[in-house]
Amino acid sequence: MQAITALRLKAIVINILAGRTPLVSVQRFFRYQDLGNLFGEGVNWEDLNDDCLARALDKLASANPKKVVSSVILQALGIEGADITHIHGDTTSISVYGRYENEEDDGFIQLVYGHSKDRRPDLKQLKVGLGVNQDGLPVIGEALSGNKDDKTWNNEFISTLLSHFNKIELETIIYVADSSLITKTNLKKLEDKLFFISRFPSTFALEKDLIELSWKKDKWEHIGRVSDQKHAAEYKIQCFVRTIDNNPYKFVVVHSSKLDRRKTKSVEKRIDSLGKRLKKAVKALNKREFACEADAVKACSIFEKQHQNPFYSLDFEVVKITRPKKKGPGRPSKDYKPQMETVYKVKCGIGSINEAAKQKALEQASCFVLITNKLDKPGEEILREYKRQSAVETSFRFLKSPVFLDAIYLKKPKRIEALTYVMIIALLLYKIIEKRAREALEAEKSFVTAPGRIKIQKPTGNRILELLSPFQVAVINEGGKKYRVIPDIPNEESLDRILGLLGLTRDVYVVTRKSLLRLLE
């Protein structure tokens, strides 16, 4: 029975990689596939209906899917010789359709409303937490309840990492995460147990102080580009060592030329908005009247404190006004002499924009701060490793398929949890395909040619799968025996070439299993 469940789960994985059709359409997808090659003789496409696949997900959900998938991942990483000295962690949310009534304390994730990274607050969601290596291969993956916040997940993920590896392995690992990792609780938990690199959040006053100190010292180390992309940013850094709760940390203040361009409009918009609010407040102040000069002076002092800012200066002048006092109702008599009164008003003016303050704001907006407890690691390496955080983002893009999972609708939350772990297995295979192809091309100093004669040196997993998709297997019956052949397709990258990059041969298409496996209810 376990073999049958595994076969059905394999069918889902194959569909994710090759078809990405909704779960209810997987049976139709396999109607046109070589099932004898994929699963062994005796398996029919009718056996892969959505009810069978749903029951397979139920069985996986009941078998501790996190443990099952972790075991598969560790074995695969060992076979591939994957480098896991740097683990990049993050979470993403996946929206789901349907009401999904959660059972209390049923041991499965809760599909609830939460902070939606999909910008769909109207839908319930689950979250996925991933730790991947520099190539994007998942090292640890887990399905999470939809309201799990990133700070709490990071705290729990630290425990997962500490239990996942022995002490010797932990000494060689650096955990890389975004700013949600950095809380005083998490820092205390990390201390000398696990090395980390993270963005230092602005919720710490030290962040702003370090940026201001960097511009004051102006001792930047120019790094240049850390990416080979055409319009990649250029960076310069300054390093400092400071303590938090008596523990020393290394801080790297990073200036990005790309942030310069992106932040200019943001800063200008903020200054312009401030100017408009200030004009409105000044207009209201200038309309006020005061009975004595002291009250007017006090009002100026209060206004200045309330609207103090580095961009606009304020000039105040208290003016004494003597004028006829307003008469009551009715026509005045011929000998009426109006009484005089004295009032005081404020004349407040707004100075022009302080260009030096504006420049300082632009400089600070174009900087961010990194933190690590690995004090001997050079600042440039810290920056380069943090920028590889994009590895986990590309993995999320695979998981958040708009067809397969992004609008998922299954009957039970536990099935969605199980399907999430199946998706993580598919992600593992996808990234292995990508890693093998890229490493082979790098060793050859070569490239693959995509349709349109596009030369690609670092193909994505999708591109490799696209290059394999034109090749079809023809099954020939001759003398009572079946032969599988692959007709050559002219003017395309050869099948042997693509398979060779992956360390495979045509046997993966033409050889069938010797043992027969029939899906049984």
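Every number here is computed from the coordinates shown, using simple stated rules; none is lab data. Nothing here was measured: the structure is a model prediction, and the numbers come from that model. As a convention, Cβ positions derive from the backbone with ideal geometry for all residues, glycine included, and neighbour counts pool all protein chains shown.
Rounded, prolate or oblate: which fits the range 241-363, taking a ≥ b ≥ c as square roots of the Cα gyration tensor eigenvalues, rounded meaning a/c under 1.5, else prolate when a/b beats b/c? The partial results should precede the final answer.
Working: a/c = 4.82, a/b = 2.89, b/c = 1.67.
The shape class here is prolate.
About its Cα centre, how strong a charge dipole does the chain have in debye, to the nearest 20, once Lys and Arg get +1 and Asp and Glu get -1 at the Cβ? Write down the numbers at each step before the final one.
Details: 88 positive and 67 negative charges, 608 e Å.
Dipole of the chain, to the nearest 20 debye: 2920 debye.
Please name which of GLY89, GLY146, LEU77 has its Cα lying farthest along the dipole of the chain towards the positive end, using unit charges on Cβ (Lys, Arg +1; Asp, Glu -1) and the Cα centre as origin.
Farthest towards the positive pole: GLY146.
Can you classify the range 132-184 as rounded, prolate or oblate using the Cα gyration tensor, where a ≥ b ≥ c are the square roots of its eigenvalues, rounded means a/c under 1.5, and otherwise it's prolate if a/b beats b/c and oblate if not?
On the way: a/c = 1.66, a/b = 1.42, b/c = 1.17.
Taking the square roots of the gyration eigenvalues as a ≥ b ≥ c, the range 132-184 is prolate.
With unit charges on the beta carbons (Lys and Arg positive, Asp and Glu negative) and the dipole taken about the Cα centre of the range 151-280, which residue among VAL253, ILE271, TRP215 sits farthest to the positive side?
About the Cα centre, the residue reaching furthest to the positive side is ILE271.
Report the calculated FRET efficiency for LEU162 and ASN246 (r = Cβ-Cβ distance, R0 = 30 Å), to the nearest 0.05.
Details: r = 22 Å, r/R0 = 0.73.
Computed FRET efficiency for LEU162 and ASN246: 0.85.
Based on Cα positions only, what radius of gyration and what Dmax would you give for the range 69-223, in angstroms?
Values for the range 69-223 (Cα only, Rg and Dmax): 18.3, 58 Å.
Need one word for the range 415-466: rounded, prolate or oblate. Basis is the Cα gyration tensor (sqrt eigenvalues a ≥ b ≥ c); a/c below 1.5 gives rounded, then a/b vs b/c decides.
Working: a/c = 5.90, a/b = 2.23, b/c = 2.64.
Here the range 415-466 falls in the oblate category.
I'm spelling it out carefully: the read-out is Rg/Rh (Cα atoms, Kirkwood Rh), the candidates are [x] 1.01; [y] 1.20; [z] 1.16, and one was derived from this structure. Which label?
Given [x] 1.01; [y] 1.20; [z] 1.16, the structure-derived one carries the label [z].
For LYS124, enumerate residues with amide H under 5 Å from its amide H, sequence gap 5+ or separate chain, H modeled in the peptide plane.
HN-HN under 5 Å from LYS124: VAL96.
Sorting ILE94, ILE79 on the 10 Å Cβ count, fewest up front, what's the list?
In order of increasing Cβ crowding within 10 Å: ILE79, ILE94.
Residue by residue through the range 211-221, which ³J(HN,Hα) values in whole Hz follow from phi under the Karplus form 6.51 cos²θ - 1.76 cosθ + 1.60 (θ = phi - 60°), with glycine and proline marked x?
Running phi through 6.51 cos²θ - 1.76 cosθ + 1.60 with θ = phi - 60° gives 5, 5, 5, 4, 6, 6, 6, 6, 10, 7, 9 Hz.
Treating the angle as unsigned and between 0 and 90°, give the value, to the nearest 10°, between the Cα long axis of helix 50-61 and the longest Cα principal axis of the chain.
70
So for PHE200, PHE447, PHE165, PHE157, fewest C-beta neighbours within 10 Å to most, what's the order? Intermediate results must be reported in sequence, preceding the final value.
Numbers: PHE200 22, PHE447 13, PHE165 17, PHE157 25.
Ranked by crowding around the Cβ, least crowded first: PHE447, PHE165, PHE200, PHE157.
Quick one: if the Förster radius is 45 Å, what FRET efficiency do ASP218 and LYS325 give, using the C-beta to C-beta distance and rounding to 0.05? Before the final figure, lay out each step's value.
Numbers: r = 62 Å, r/R0 = 1.37.
In this case the efficiency is close to 0.15.
With each run of n ≥ 4 DSSP H residues scored as -39500 (n - 2.57), what mean residue ellipticity at 222 nm is computed for the chain after dividing by its residue count and rounding to the nearest 500 deg cm²/dmol? Present the calculation step by step, with values, prior to reporting the outcome.
Numbers: 18 runs with 220 residues, N = 521.
Taken over the chain, the calculation gives -13000 deg cm²/dmol.
Quote the relative contact order of the range 119-263 in percent (integer), defining contacts as alpha-carbon pairs under 8 Å separated by 6+ residues.
Values: 159 pairs, mean separation 17.7, N = 145.
For the range 119-263, the relative contact order is 12 percent.
Going toward the positive end of the dipole of the range 290-343, with +1 on Lys and Arg Cβ and -1 on Asp and Glu Cβ, which of TYR336, SER301, VAL318 do you reach last?
Of the listed residues, the answer is TYR336.
Could you derive backbone 3J(HN,Hα) for the range 81-89 from the dihedral phi with the Karplus parameters 6.51, -1.76 and 1.60 (θ = phi - 60°), listing whole Hz in sequence and x where the residue is Gly or Pro?
The phi angles translate into x, 6, 7, 10, 6, 10, 10, 9, x Hz.
Per residue of the range 416-428, in order, report the coupling 6.51 cos²θ - 1.76 cosθ + 1.60 (Karplus, θ = phi - 60°) as ³J(HN,Hα) in whole Hz, putting x for Gly and Pro.
5, 4, 5, 5, 4, 5, 5, 4, 5, 5, 4, 4, 4
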